[in-house]
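What follows is a short report on a single structure.
Values quoted throughout were computed directly from the atomic coordinates according to the rules given, and no laboratory measurement underlies them. The model shown is predicted, which means the values in this text are computed figures rather than measured ones. For neighbour counting, all protein chains shown are included, and Cβ atoms are generated from backbone atoms with ideal geometry for every residue, glycine included.
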Amino acid sequence: MDNEPSTAQLVSRLSEQVSHLVRDEMRLASAELRDKGKHAGVGAGLFGGAGVFAWWGGLSVVAGLILLLAQVLEPWAAAFIIAAALLVIAGILALIGRAQIKRGVPPVPEQAMASVKQDIATIREGAHR
């Protein structure tokens, strides 16, 4: 029985092993997050590149529309007509966006606050009984 460790020694070993295990798990988690972060960064960069090329594609479509309309009108008139159409679309999108922002401002969870107030009132009522 002299070869068996005491309870204090067992508790000490357990504490050491748990501490070591937690440190190892933290290192693993950190390495995993670094790896995922690198992939996310590369993905975000590729999305940004895709956005630039999409923007250029959209500009090319606009140029094509101007050139198409220039077949029947003066080129300057075609450019102004396409520009006016794009500005009308931009205005409509801005109005829709403004309406959406008004629905989201102020960013306060009003229903949740009302529910909490109701809960507090119910608790107070129960406490007074």
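Pairs meeting the criteria (first residue in the stretch 68-82 and at negative phi and surrounded by 12 or more Cβ atoms within 10 Å (Cβ to Cβ), second residue aliphatic (A, V, I, L, M) and assigned to a loop (DSSP other than H, G, I, E, B), beta carbons under 9 Å, at least 6 apart or on different chains) are A77/A70; A78/A70; A78/V72; A79/A70; I81/L73.
Any residue that is free of Cβ contacts under 8 Å to residues at least 60 places away in the same chain and either in contact with a helix residue (DSSP H, G or I) (Cβ under 6 Å, 6 or more places away or on another chain) or under 30 Å from A85 (Cα atoms) (or both) - is there at least one of those in the stretch 40-47? Yes - at least one qualifying residue is present in the stretch 40-47.
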